[in-house]
Amino acid sequence: IDDIALEKIKVDFADSGVRPNVTTKLDELNLYLKNVTLAGVEPLSYEMNLRLNEKFICNSSGDVKHKILDLNSYTKCSGFDVVRFRPYIDEAATDALSVYDLKLKKATLGFDANVSVLEEDTQMKVRMHDANINLSGFALDKKSTKEGLVEFANLGVNGLSLNTKDKAVNIKNTTLKNLNIQTRLYENGSLNIENLVVAKEAKRTKKTKTK
């Protein structure tokens, strides 16, 4: 098949398995494919763009062989509202920790990356280079008292490279702008940043005596 075009696809999804419920709206998805074959020996090329929950915009393009997976792509996304999916973060943290006294108030994520995936000897080798990650408008509160703890305007990780074959990770530079940490000493002498996160105690196994 020379060309396939899937345009203006919309999906609404509601997850009642978490509290509060999370609703996700795929406002629009467009996908364009060229040189599609069942054999998957020759590369097919793709272009994709989507808008999620009005603000999250993502564009991706590349080529892929699927008989033996060989993918090369460039993806750029912006405007991901992390707080919208906070119930998943809170649920995972509550399950893993005995104390989790934090509440994410604001955070917007954006990123772009060149990614290649190659199948070798039944294993997937992933290589990412020249990736940039941006976390902006971040604010974190203490859940029990609703007081602000940490804010920053922007955290940027630039020139990120990752290679699973060599087990190597490199970062060219990291920048943090307008960091504000708000500490407070209570009347009882404790700080507001104490015991925000406490790990669960490891389960002790009883040893049985052998005669």
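The values are calculated or read from the model by the stated rules, or taken from the named source; none is laboratory data. These numbers were taken from a predicted model, which means no experiment stands behind them. So basically every Cβ, Gly included, is an ideal-geometry build from the backbone, and we count neighbours across all protein chains shown. Heads up: the accessible areas ignore ligands, DNA and RNA and are worked out on the full protein's heavy atoms, side chains in. Shrake-Rupley method; radii C 1.70, N 1.55, O 1.52, S 1.80 Å.
General observations
- Dipole moment magnitude, nearest 20 debye, segment 1-150 about Cα centre, only Lys, Arg, Asp, Glu C-beta charged: 720
- For V83, net neighbour charge (Lys/Arg +1, Asp/Glu -1) across residues whose Cβ lies under 12 Å away: +3
- T122/A92 FRET efficiency (R0 45 Å; Cβ-Cβ; nearest 0.05): 0.90
- Of all accessible heavy-atom area on segment 65-178, the percent that carbon and sulfur account for (1.4 Å): 54
- Global geometry of segment 64-211, whether rounded, prolate or oblate, following the gyration tensor of its Cα atoms and the 1.5 cut on a/c: oblate
- Residue-wise HN-Hα couplings along segment 71-77, as the Karplus relation 6.51 cos²θ - 1.76 cosθ + 1.60 with θ = phi - 60° gives them from phi, are 10, 10, 8, 10, 10, 9, 9 Hz; Gly and Pro carry x.
- Estimated FRET transfer efficiency when R0 is 22 angstrom, pair E28-S73 (beta carbons, to 0.05): 0.65
- Working note: 222 nm ellipticity from helices only, DSSP H runs with n ≥ 4, each -39,500 (n - 2.57), summed and divided by the residues of the chain, gives -1500 deg cm²/dmol to the nearest 500.
- Over all other residues within a Cβ to Cβ distance under 12 Å of H66, the charged ones net out to -2, with Lys and Arg as +1 and Asp and Glu as -1.
- Rounded tilt (10° steps) of 86-96 against the dominant C-alpha axis of the chain: 60
- Note on the chain: dipole from Cβ charges, positive end direction compared against I68, V197, N163; the farthest Cα belongs to V197.
- Local electrostatic count, E7, Cβ distance below 14 Å [Lys/Arg +1, Asp/Glu -1]: -1
- Among the listed pairs K106/K143; K125/K172; K177/K200; K103/K167; K25/K76, those with a Cα-Cα distance over 24 Å are K177/K200; K103/K167.
- Between L69 and E119, the built amide H atoms are under 5 Å apart, and every one of these is 5 or more places off in sequence or on another chain.
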